[in-house]
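Heads up, the thing below is written out as structure tokens.
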Amino acid sequence: MLNLQIPVLVAILAACASAVPVAIPGESHTLHGRATAGQRQLYKNNDGSFNLDFVRSEMLHLNEKYGRSQAILNRAPGVTVAQAVSKLKKRGTESGIVPLIDFINNAALNGGQLQGGQGLDEEYYGPIQLGTPAQNLTVDFDTGSSDLWVPTTCPDCFVGSFDTSKSSSYQQTVAPFEIVYASGATAGTIGIETVHLGGIEVTGQSFGAVNVVSPAQFSFGPAMGLMGLAFESIAQTAAPPVVAQMVAAKKLASNLFTFYLSRKTVTGSVLSIGAIDEAHYSGNITYTPVVSETYWLVQSGAPTSNGVVVGTPYKAAIDTGTTLLYVPTAIATAIYSQIPGSSEDYVDTAVNGDLGTYYQYPCDSTPIVSLSFAGTDRKFEVNPLDFNLGFSTQNSSMCIGGVLGYDFSDGTENISITGDLFMKNWLTVFNYNGTAEGAPAVGFALSNP
């Protein structure tokens, strides 16, 4: 069980709260990290209906993020995490926690709580320390990518940047680093630095030292940068991500990290490293093996909609860097076919020519949609509190469903991108040797409220 040092945790949370602003209702913010359409899209329109542009902006980001990763995979593969872990003869003793802040889109806040249960849990971010002496930064933690990057020169950034001139351990290289978004490029060079995450030190960590930024991408963003936690094979730096470095260095008591994501409350979410905090879940942890050490990609079974098994199996990327839940369009259509009164609400062909489909259903109904994964008969329910995204139009009796149709291929088949909307109901364990053979696996346990 993870030993939580409460006074330390409270101090860290206080520091984060004072350093990182929370969105205020009605203010316009630019979207940092997740979406790329310039000004931040509020998830509801002024009339209270769901804003389809919010989903379109996230789909644009997913097209870029997952398409970029596929391009990187064309290079020669290195040693996989499973191969590295299999060589470990012993583990370390370290574990740590990172308190996360829930960035709530369109939220009316009162003492950290939502008024009237409004708002959408858009992004979970938290503190890291970079450099010597350590500088406090905030990053969005993303299991759907593999690079750490922070701005090093960004006069327009709302929450600052990393000052390389004040770090005695910073090493600059001439190797380029670039991420292209719809709203512009984020570019710089690959730097090497000491990182502290949850109190655990990693030396010699490669990261993107960004010195050319798109103003639409950075200004007023909730976090300074991004920390990718997927596998080395899709890293633009061609280097292991931070937690994988900890595993290779035999630092961790257990070779894993977990996410507990709260619902519509600014504080309370936690990233745990090297241990599992038993206070945040109930029952057993059920594991499913990773099928490709790129993203945390697992094999899903056919989902269940209102008690009926529908569709066919598909692969799913478990992605903390995505807000909603996207499945292949054929699967989404099958899910909504079992929800009485539901219909296709909108087909979006403007997302880089790809097809995104939104669905509506009667607001007074409570659809029960569950996912399944290889290796277990257990059903994993999408919480109805998260499934309803809001009215389809002003004062409508129809609401937009949180499962959306989106066709993205991993090169062999269309996959699901399973984001925070699902994980809010399930403590999620990313275990580098979670199978009996010591290979990576993802585990799920029912989150405590």
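Past 24 Å, Cα to Cα: identify those pairs from Lys315/Lys424; Lys315/Lys379; Lys44/Lys315, in the order given.
Listed pairs above 24 Å: Lys44/Lys315.
Where does each of 317-325, 262-270, 168-176 land if you order them by average Cβ count within 10 Å, highest first?
Put in order of decreasing packing, that is 317-325, 262-270, 168-176.
Sort Val212, Val308, Val429 by heavy-atom solvent-accessible area, probe 1.4 angstrom, most to least.
These residues rank, largest area first, as Val212, Val308, Val429.
With all protein chains present and a 1.4 Å probe, how do Glu94, Glu58 order by accessible area, largest first?
Listed by decreasing accessible area, they come as Glu94, Glu58.
Could you tell me which of Gly438, Leu385, Gly405 has its Cα farthest along the dipole of the stretch 361-449 towards the positive end, charges placed at Cβ (Lys, Arg +1; Asp, Glu -1), taken about the Cα centre?
Checked the options; the winner is Leu385.
Once a ≥ b ≥ c are taken as the square roots of the eigenvalues of the Cα gyration tensor of the stretch 375-449, is the result rounded (a/c under 1.5), prolate (a/b larger than b/c) or oblate (a/b not larger than b/c)?
It comes out oblate by the Cα gyration axes.
What is the stretch 297-385 by shape, rounded, prolate or oblate, if you read a ≥ b ≥ c off the alpha carbon gyration tensor as root eigenvalues and call it rounded for a/c under 1.5, prolate for a/b larger than b/c, and oblate otherwise?
oblate
Which of the aspartates and glutamates could a cross-linker span from Lys264 if the Cα-Cα distance has to be under 16 Å and same-chain partners fewer than 8 positions apart are dropped?
Asp102, Asp121, Glu122, Glu123, Asp386, Asp420
Which aspartates and glutamates does Lys166 reach when only Cα atoms under 14 Å apart count, and residues fewer than 8 places away in its own chain are ignored?
Of all the aspartates and glutamates, those that pass the test against Lys166 - Cα under 14 Å, at least 8 places apart if same chain - are Glu193.
The values are calculated or read from the model by the stated rules, or taken from the named source; none is laboratory data. Quick caveat, the model's predicted, so the values are computed rather than measured. Virtual Cβ from ideal backbone geometry, glycine too; neighbours counted across all protein chains shown. Areas reflect the complete protein model, heavy atoms only, side chains present, ligands, DNA and RNA absent. Shrake-Rupley method; radii C 1.70, N 1.55, O 1.52, S 1.80 Å.
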